[in-house]
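Every number in this text was worked out from the coordinates using simple rules, so none of it is lab data. Since the structure is predicted, the reported quantities are computational estimates derived from the model, not experimental observations. When we count neighbours, we look across all protein chains shown, and the Cβ atoms used for this are built from the backbone with ideal geometry, even at glycine.
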Amino acid sequence: HPRGADGRHRRVPAREGSRQLIDVRHEGGAAVVTVDRPDALNALDLETLTALRDQLRRLSEDVDTKVVVLTGAGDRAFIAGADIKYMSGLDVEQAKAWGELGHEAARLLETMPQPTIAAINGFALGGGCELALACDLRYASSKAKLGQPEINLGIIPGWGGTQRLARATTLGFAKELILTGRTVGADEALERGLVNAVTEPEDLLPRVMETALQLAAKSPLALEAAKQAINRALSGDHAENLARESDRFGELFASEDAKEGLTAFAEKREPKFVGR
Ligand code: DAK
């Protein structure tokens, strides 16, 4: 059993019973996914991360979900990281599998057809910062604290942090945060491009939902094409990526949505997109 025979680890599901560790609420085309382990500052253990991965996989295939919002329960944490108590019992093989599970969740956020938004309502540390980095957009409460403190545990970020933090900000800033383990407040995160915007804590969810519902009204085909094209921006061959952008641009002209969007403009009305 990947969680080991250690009774300390086995207590977790017993204490939490059959309570949902991942809450999914649908609101006008947006799915709000909440990691709900506030007593552990929403740290991800095996059950929680597996449930999160499963929900993200399901939502990525759900045509009625136009946008995915990721957040944490309570007012202290987005996700305080991978569960350190769970990780302390892992051997090398188990740690690799654990790394893959986190990568899968992050990769879903990064590549699912729908836009993904992290609503960072508190601590986003280690694996929590990494999942936020895998989202397309990041909004933070002024109380948020972000960072990759793994170095203080004698490990390194294992769910993409070494790559995505450098891509989202700069190589130098990523090295500073990952090598020193220093955490930053929301304002510094904003200054560095680690988050898109900062709000007062009580304004975070309304602000995120406003953006989510704006996105939900756009053509999902165009959003997906844009997301995929931008995902290539910092990797691969530039000329090839430009050629792909051209192809995708052209292909969209076969869609009802492109006809609708272009026609609605000419007719001075709001477009109504259908996802075809
Ligand atoms: N794991 C487990 N429990 C956690 C936790 C975490 N990451 N963060 C907080 N908690 C728990 C605390 O243990 C405490 O539980 P009880 O002791 O009450 O049972 C409860 O949440 C409240 O936390 P505190 O009492 O500590 O609250 P404070 O306000 O005093 O401090 C804090 C808040 C966020 C500063 C502190 O809790 C903290 O430093 N937490 C750890 C943050 C952290 O280091 N996060 C990074 C985790 S490492 C890999 C795969 C994945 C990863 C790496 C490699 N491979 C496969 C290679 C990912 C690594 C990480 O994410």
Q | Conditions (1) within 13 Å of the ligand (Cβ to nearest atom); (2) in contact with a Gly (Cβ under 9 Å, 6 or more places away or on another chain); (3) not β-branched (Val, Ile, Thr); number of the one not met by LYS66 | A | (1)
Q | segment 54-86 - residue that is in a helix (DSSP H, G or I) and without any contact (Cβ under 8 Å) to a residue 60 or more places away in the chain and, of those, nearest to the chain's Cα centre (by Cα) | A | LEU56
**Q.** Selected residue (only one of GLU150, GLU130, GLU110 is within 8 Å of the ligand (Cβ to nearest atom) and under 28 Å from LEU221 (Cα atoms))
**A.** GLU130
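Got a number for residues in segment 151-173 being part of a helix (DSSP H, G or I) and surrounded by fewer than 24 Cβ atoms within 10 Å (Cβ to Cβ)? Working first, answer last.
Narrowing segment 151-173 to residues part of a helix (DSSP H, G or I): 151-153, 161-168, 171-173.
Those still in the list that are surrounded by fewer than 24 Cβ atoms within 10 Å (Cβ to Cβ) too: 151-153, 162-164, 166-168, 171-173.
Selection size over segment 151-173: 12.
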Q | segment 87-125, residues that are closer than 30 Å to GLY275 by Cα, among the β-branched types (Val, Ile, Thr) and assigned to a helix (DSSP H, G or I) | A | THR111
Q.
Looking at segment 96-107 only, could you name the residues that are free of Cβ contacts under 8 Å to residues at least 60 places away in the same chain, of a type in the set (Gly, Ala, Ser) and within 7 Å of the ligand (Cβ to nearest atom)?
A. GLY102
Q. Which residues, taken from segment 186-213, are within 19 Å of CYS135 (Cα to Cα) and either touching a Lys or Arg at 6+ places or on another chain (Cβ under 6 Å) or not in a helix (DSSP H, G or I) (or both)?
A. ARG192, GLY193, LEU194, VAL195, ASN196, ALA197, VAL198, THR199
Q: Look at SER88 and say whether it is more than 9 Å from the ligand (Cβ to nearest atom) and farther than 28 Å from SER141 by Cα.
A: yes
